[in-house]
Amino acid sequence: MTDPRGNPDHLPEIRAQYEALPYPPRDPADERHRLIQRTADHLLLLNHRCYRGARDFRDGFRVLVAGGGTGDSTIYLAEQLRGFGAEIVHLDFSAASLAIAQERARMRGLDGISWVRDSLMNLPRLGLGSFDYINCTGVLHHLESTEAGLRLLAGALRPGGAMLLMLYGRYGRRSVYDMQELLRGYLPPDANLQDKLRLTRALLAALPPTHSFHRDLDFWRYEISPDGLGDAGLQDLLLHGQDRCFSVPDIHALMDSAGLEVIAFTDRASDYDPRTHVRDPGTVAHLDGLGQRPRQAIAELMTSDINSHEFYAGRPGETRVASIGDENNALILMGQAQGRHREIGAALAPGRSVTFSGRSGTATVAGNPANRVLFSLMDGVTPLSEVYRRVLAEVPDITSIDLRRGVHDLYRVLEAQGHLCLLEAGSYGSKVPDYSRLPPAQ
């Protein structure tokens, strides 16, 4: 284990915060009965969005979880990569947080994890090598210089590698920043942490209903309530010593500054396209004429409630979302539908339908003979070329052009909502690992 070095980019009170209140609070004993699954760290989604669906993670895959905290991403990734010969480096400057993450891994019998107690800003000195995948969520916006931190991460990324980043959203957190400003004027500057927590809770209880944070309280309640994330959540949300937010244009400018680009937004991905919310043909045509970045900026302002931006990033031209036009790719259902392709296919009889629900909304698929066969073959193994052949053979009244158009339209909607991914047929051999059904610790 590496000892932490002093670094001016980390304010002493921020380090003290995470030593006193590791975030998010986790009890390692809970590993006996549950596994916290982070959607964006799901290897099938990562493969689809960043590696063209063609990555085999059994080839010495190296992961850096930068600012790994109490270990949610590290534990989930290590469970998925168990037995794959991969290496995960968990880097965090809080001894208390690191200890919790290590105990969680011990409870599960996980190996292949290197534990480093140090600052992200010391990355070049640590000799950790380069990585295929870097997870850095909820960290860069707490640095003195987000730009400097991102450049260090970019320098540790292997050619063709990808990052998962999460940065606070400017518009969805407006009420949080209203509350932070109120607290800066309300709290005694020399108060200790416990006094600040007590005084903050008293002020929250007295907020009039006209205050923006009071209006948003139901949304943030779990983060700050004693039966949610408690004092750790309250401190992280409202009392953090350094907190920066970003709009979509800010994010693209930040990526440009490090020689990176946004590959895809992962959470509420369809909400980054204003055409999700528009039905008027003239307005859709106008939006079609805009570039992707202006459309995403417009969409953020339209929804106005995106409180964090979670996205994959990589070097331009090196990484890419898998293509529905590549008929060697196989379709695979994700989320609650994963592994239920035959069941869903059987349910899509004429006159019936299946509704997929997610954070970006709902999508209803109509039952018909083509969809019945199509969904039954969304197994991550059968290539699209074979899917098309089977559907055409079993549904004689559909043309090849109509079938492909229908599949592309269906994919566009379900992929944006995180229900459907592509995987290069055969990249995992004959059996696709089911990453959604990982066992709890014994």
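Laboratory data are not the source of any read-out in this text; all were calculated from the coordinates shown. If you're wondering where the values come from, they're calculated on a predicted model, not measured in any experiment. With ideal geometry, Cβ positions are generated from the backbone for all residues, glycine too; neighbour counts draw on all protein chains shown.
Taking 0.36 nm per intervening residue step and subtracting the Cα-Cα distance, what contour gain separates ARG158 from TYR171 on full extension? Kindly include the intermediate steps, with their values, before the conclusion.
On the way: separation 13, 0.36 × 13 = 4.68 nm, distance 3.34 nm.
Contour length minus Cα-Cα distance gives 1.3 nm.
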Springs between alpha-carbon atoms under 10 Å, Gaussian network over the chain: tell me which of ASP379, ASP305, ASP218 tops the mean-square fluctuations.
-> ASP218
Looking only at LEU157, LEU414, LEU128, which one moves most when the chain is put into a Gaussian network model with springs between Cα atoms under 10 Å?
-> LEU128
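Neighbouring Cβ atoms within 10 Å as the yardstick, rank CYS245, CYS50 fewest first.
CYS245, CYS50
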Taking the highest mean first, how do the peptides 292-303, 388-399 order by number of other beta carbon atoms within 10 angstrom per residue?
-> 292-303, 388-399
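Taking a quarter of the surface of the Cα convex hull of the range 174-238, what do you get in nm²? Intermediate values should be presented prior to the final figure.
On the way: hull surface 16.2 nm².
Mean projected area of the Cα convex hull: 4.0 nm².
Per 0.36 nm of contour for each residue apart, how much would the distance between LEU193 and LEU290 grow if the chain were fully extended, relative to their Cα-Cα spacing?
Numbers: separation 97, 0.36 × 97 = 34.92 nm, distance 4.86 nm.
Between LEU193 and LEU290, full extension yields an extra 30.1 nm.
Report the local net charge at MET378: Lys and Arg +1, Asp and Glu -1, summed over other residues whose C-beta lies under 13 Å from its C-beta. Please list the in-between numbers first.
Details: positive: ARG340, ARG342, ARG372, ARG390; negative: GLU343, ASP379, GLU386, GLU415.
In short, 0.
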Fluctuation leader among ASP92, ASP178, ASP243 - the chain, Gaussian network, Cα springs under 10 angstrom = ASP178
Simple spin-label model, 7 Å along Cα-to-Cβ: ALA148 to ASP243 in nm?
-> 2.3 nm
State, to one decimal in nm, how far the label point of ARG82 lies from the label point of ALA16, with both points 7 Å from Cα in the Cβ direction.
-> 4.1 nm
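On alpha carbon coordinates alone, what is the Rg over Rh value for the range 274-364, Rh being the Kirkwood radius? Don't skip to the end; give the middle numbers.
Numbers: Rg = 17.2 Å, Rh = 16.9 Å.
Radius of gyration relative to Kirkwood radius: 1.02.
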Asserting the computed 222 nm helical MRE of the chain (DSSP H runs at least 4 long, -39500 (n - 2.57) per run, divided by residue count, to nearest 500) equals -11500 deg cm²/dmol
What length, rounded to one decimal in nm, is gained on full extension from SER353 through to ALA366, with 0.36 nm per residue of separation minus their alpha-carbon distance?
-> 4.2 nm
Ranked highest first by the average count of other Cβ atoms within 10 Å around their residues, in what order do 234-240, 251-257, 276-282 fall?
-> 234-240, 251-257, 276-282
Under 11 Å by backbone N from the virtual spin label 7 Å along Cα-to-Cβ at SER114, the residues of the range 67-88 are 87-88
In the neighborhood of VAL65, defined by Cβ-to-Cβ distances under 15 Å, what is the net charge if each Lys or Arg adds +1 and each Asp or Glu adds -1?
-> -3
